Amino acid sequence: EVKSDILGNSRQVWVYLPPGYAQNPDRHYPVLYAMDGQNVFEKGTAFQGQEWHMDEAAQRAMQAGTMREAIIVAVSNGGAQRIEEYSPKADPEYGGGGAEKFAQFLSQELKPMIDGAYRSETAPESTAILGSSMGGLVSLYMGLAHSNTFGLIGALSPSLWFAEKDMISSWKDHPPAQKPAKVWLDMGDNESPSDKDHNGVPDTLDNTRALRDVMAAQGQPGLMYHEFPGATHSEASWANRIQDVLQALLPPA
């Protein structure tokens, strides 16, 4: 249980330690912070009982040598405050806009706690943040505004529609002063039927393609863009590809 003075609330945090952690007391490890943390490790706490199996996926990849051994910190969302904490700007219908305070919680309270308790590599290129939907949106915000702390960004099915597509225009008009080392951006092609411009492409795909194009035009290093046929906006779909995401963000040295 982690208390935040910045946010004025508390939340559960789970920490996964890699297979060789205890056997290598002099070794330090990259750290990945996972949003909506109650969904990533445990069926009992996950939304509708559908977990991501991120610990099993990481264990497989690390033991196979396809991923660097890393510490994973699963940070549960704020419940009723989830939209507030995960959105950089308020949406006309849903409100929000508190992502900067959440970023301060991560960088000024939680990260120093993790770095003090565990043998972590602290550089931005060794510090990842990852999430889906609104969790993907706040992960993109961290890459935009706090890439000096979080240099590896994983955005699965990000809610780019939120606040009238503010994340796309923010990245275009105010690109990060220090670009993240890597960005994973993805979307399934069966996440939403909405096609407001009637171009035969779901709006969700139009949005991620637009952000991809902005990043590519800016020369974003380590940009990895993927579309997944048949994938829906669901924990099950994110679980299906989480090992690929982990391996891409933290490949073996």
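Remarks
- log₁₀ of I(q)/I(0) at q = 0.14, 0.16 Å⁻¹ - the range 1-125, Debye sum with one point per alpha carbon: -0.68, -0.86
- Relative protection proxy for 121-131, 49-59, 221-231, from highest mean packing down: 121-131, 49-59, 221-231 (other beta-carbon atoms within 10 angstrom).
- Volume per residue of the C-alpha convex hull in the chain, rounded to whole Å³: 124
- Dimensions (Å) - the range 68-132, Cα atoms, principal axes, largest first: 42, 22, 21
- Spin-label proximity, Asp173 to the range 69-98 - amide N less than 14 Å from point 7 Å beyond Cα toward beta carbon: 89-90
- In the chain, Cα pairs under 8 Å separated by at least six residues give a relative contact order of 19 percent.
- Antiparallel content of DSSP bridges confined to the range 8-157, in %, to 5: 25
- Charge sum, other residues only, whose C-beta stays under 12 Å from Val31's C-beta, Lys/Arg counted +1 and Asp/Glu -1: -1
- Percent of Cα pairs exceeding the 16 Å cut-off, where the set is the range 156-253: 59
- Nonpolar atom fraction for the range 85-241, defined as the carbon and sulfur part of the 1.4 Å probe accessible area, stands at 50 percent.
- Springs join every pair of Cα atoms under 10 Å in this Gaussian network model of the chain, and among Asp186, Asp36, Asp115 the largest mean-square fluctuation is at Asp115.
- Helix 235-249 and the long axis of the chain differ in direction by around 60°, with both axes built from C-alpha atoms.
- Each stretch of four or more DSSP H residues adds -39500 (n - 2.57); spread over every residue of the chain, this sum gives -9500 deg cm²/dmol at 222 nm.
- Taking a point 7 Å out from the Cα of Leu17 in the direction of its Cβ, the residues of the range 25-39 whose backbone N falls within less than 13 Å of it are 25-29.
- Ordered from highest to lowest accessible area with the whole protein assembly present and a 1.4 Å probe, Tyr94, Tyr29, Tyr118 read as Tyr94, Tyr118, Tyr29.
- Compared with the alpha-carbon gap, the fully stretched path from Ala90 to Thr122 is longer by 8.4 nm at 0.36 nm per residue.
The values are calculated or read from the model by the stated rules, or taken from the named source; none is laboratory data. Nothing here was measured: the structure is a model prediction, and the numbers come from that model. In this analysis, Cβ positions are derived from the backbone assuming ideal geometry, glycine residues included, and neighbour counts consider all displayed protein chains. Calculation scope for accessible area: heavy atoms of the full protein, side chains included, ligands and nucleic acids excluded. Shrake-Rupley method; radii C 1.70, N 1.55, O 1.52, S 1.80 Å.
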